[in-house]
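The values are calculated or read from the model by the stated rules, or taken from the named source; none is laboratory data. Because the structure is predicted, anything quoted here is derived from the model rather than measured. Note: ideal-geometry Cβ built from the backbone for every residue, glycine included; neighbour counts use all protein chains shown. For accessibility, only protein heavy atoms count, side chains too; no ligands or nucleic acids. Shrake-Rupley method; radii C 1.70, N 1.55, O 1.52, S 1.80 Å.
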Amino acid sequence: FSKNRFVFDGTLWFKFQSGTESLETLSGFTIQNAAVLGSGQLVFQSDPIIKRIGNDILVSYHIQADIKTALDFKNFPISKYRLNIIVANKNVTARELYFVSNDHNLIINDQNLVYNWIAAKPTVNTGYTQATLSPHDKNMTLDYPVAVFAIVFDNVGIRDLISLYFPMFVLFLIALFCLLIDIKDTARLGYVGATVPILVLFRMVIDSFSPDVGNLTHVDFVYNLLVFLSLVILFFQTYVILRLQHMKKATDELKECRVQALAEWNNIVFFLILCALIVGITATFFR
């Protein structure tokens, strides 16, 4: 899934009334975005297996295809993914051939090798697609029949969720709860200063799990949000330490007044960051 590349092995069959189609026409099918050999064939394509069923002819091909696709990883790693296997015949026009199929004709072997994912909700749609030869002339188009076999994969494990989200939130919460330590304790800065660099370096772990996409995924948004809020905590704590250093020569009364003011601001910052975390995480699901 992370590389947007799939290899599948299956049987593609065509059933038609005797005398209405030819093997030469049917064998011209292709799999969209599939790697082909020098001869233009798929990785493997058997000779047609022909069987007569009453007045109908059943023609089957054993095929293996290596395809590239563009899955929607916007909500990686918490979303489902839809894989489309598109069968087309570009050697005929829309008036010469059309495909008819339904969801029951897409059968997925239970022993498939897509680990940690379960194939569900297979659907089939048939129709025509259009190739535009000239954007300025509507007559310069080619129509040919296609069948789209769609498979929705649902993640059945929580390995990615634990590996990606759990360490990030642990590091962030350490930095956040440092604000609950006594305002005059300088160790607060040490805790925050230790967690922020580790959180920044955690980017390498996310990159090793994330798919090769150009847009930001859900885990990227969460990571950027946690890093930003952690930096806010770091800058605020640095400000607090500097203010405490400047108050060393102040009178006890003035010092106590300023410490009280810093404590109030500390509480405000804590609740603002907590609210920003809740709003930010919620917003990631509606972007």
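Being in a loop (DSSP other than H, G, I, E, B), β-branched (Val, Ile, Thr) and under 22 Å from TRP13 (Cα atoms): is that true of ILE151 here? Break it down into steps so the answer makes sense when it comes.
Values: in a loop (DSSP other than H, G, I, E, B): no; β-branched (Val, Ile, Thr): yes; under 22 Å from TRP13 (Cα atoms): yes.
Taking the combined requirement at face value, the residue does not satisfy it.
I'd like to verify a number: residues in the stretch 54-82 that are under 24 Å from LEU26 (Cβ atoms) and either at pLDDT below 90 or of a type in the set (Gly, Ala, Ser) (or both), how many? Talk me through it step by step, then tell me what you get.
Within the stretch 54-82, the first condition is being under 24 Å from LEU26 (Cβ atoms), and the residues that meet it are 54-67.
If we keep only those that are either at pLDDT below 90 or of a type in the set (Gly, Ala, Ser) (or both) as well, we get 54, 60, 65-67.
The number of residues fulfilling the criteria is 5.
So which residues in the stretch 132-146 are open to solvent by 50 Å² or more (accessible area, probe 1.4 Å), of a type outside the set (S, T, N, Q) and outside any loop (DSSP other than H, G, I, E, B)?
Of the stretch 132-146, the ones open to solvent by 50 Å² or more (accessible area, probe 1.4 Å) are 132-133, 135-140, 142-143.
Okay, now just the ones that are also of a type outside the set (S, T, N, Q), so 133, 135-138, 140, 142-143.
LEU142, ASP143, listed by residue number.
Check the stretch 157-170 and report whether any residue there is outside any helix (DSSP H, G or I) and at pLDDT below 90.
Residues of the stretch 157-170 that are outside any helix (DSSP H, G or I), as a first pass: 157-158.
Then drop every residue that is not at pLDDT below 90, which leaves 157-158.
Yes, the stretch 157-170 contains at least one residue that is outside any helix (DSSP H, G or I) and at pLDDT below 90.
Which of (1) over 26 Å from ALA119 (Cα atoms); (2) surrounded by 15 or more Cβ atoms within 10 Å (Cβ to Cβ); (3) among the β-branched types (Val, Ile, Thr) is the odd one out, the single condition THR69 does not satisfy?
If we test THR69 against (1) over 26 Å from ALA119 (Cα atoms); (2) surrounded by 15 or more Cβ atoms within 10 Å (Cβ to Cβ); (3) among the β-branched types (Val, Ile, Thr), just (1) comes out false.
Kindly state which helices (runs of 4 or more DSSP H) lie completely within the stretch 178-287 and contain at least 3 residues that are touching a residue at least 12 places away in the same chain (Cβ under 8 Å), among the aliphatic types (A, V, I, L, M) and surrounded by 13 or more Cβ atoms within 10 Å (Cβ to Cβ).
Values: elements: 187-201, 203-209, 218-246, 252-283.
Hits in the stretch 178-287: 187-201, 218-246, 252-283.
Test of understanding: among LYS51, LYS15, LYS3, which residue is of a type in the set (Lys, Arg), modelled with pLDDT of 90 or more and surrounded by fewer than 13 Cβ atoms within 10 Å (Cβ to Cβ)?
Working: LYS15 fails: surrounded by fewer than 13 Cβ atoms within 10 Å (Cβ to Cβ); LYS3 fails: modelled with pLDDT of 90 or more.
Of the residues listed, the single one that is of a type in the set (Lys, Arg), modelled with pLDDT of 90 or more and surrounded by fewer than 13 Cβ atoms within 10 Å (Cβ to Cβ) is LYS51.
With respect to ILE151, is the statement that it is β-branched (Val, Ile, Thr) and open to solvent by 40 Å² or more (accessible area, probe 1.4 Å) true? Steps first, please.
Numbers: β-branched (Val, Ile, Thr): yes; open to solvent by 40 Å² or more (accessible area, probe 1.4 Å): no.
In short, no.
Just checking, does the stretch 101-116 include any residue being more than 25 Å from ARG5 (Cβ to Cβ), charged (D, E, K, R) and open to solvent by 30 Å² or more (accessible area, probe 1.4 Å)?
Yes: the stretch 101-116 contains one or more residues that are more than 25 Å from ARG5 (Cβ to Cβ), charged (D, E, K, R) and open to solvent by 30 Å² or more (accessible area, probe 1.4 Å).
Tell me, which residue of the stretch 73-100 that is aromatic (Phe, Trp, Tyr) and surrounded by 18 or more Cβ atoms within 10 Å (Cβ to Cβ) is nearest to TYR165 (Cα to Cα)?
Taking the stretch 73-100 and keeping what is aromatic (Phe, Trp, Tyr), we get 73, 76, 81, 98-99.
Cutting the leftovers down to surrounded by 18 or more Cβ atoms within 10 Å (Cβ to Cβ) gives us 73, 76, 81, 99.
On the way: PHE73: 16, PHE76: 12, TYR81: 20, PHE99: 45 Å.
Going through the qualifying residues, I end up with PHE76.
Limited to the stretch 50-98, what total is found for residues that are touching a Leu at 6+ places or on another chain (Cβ under 8 Å), closer than 21 Å to ILE108 by Cβ and of a type in the set (Ser, Thr, Tyr)?
So the count comes out to 4.
Which of the residues belonging to the stretch 117-131 are open to solvent by less than 90 Å² (accessible area, probe 1.4 Å), touching a strand residue (DSSP E or B) at 6+ places or on another chain (Cβ under 6 Å) and not aromatic (Phe, Trp, Tyr)?
ILE118, ALA119, ALA120, PRO122, THR123, VAL124, ASN125, THR126, THR129, ALA131
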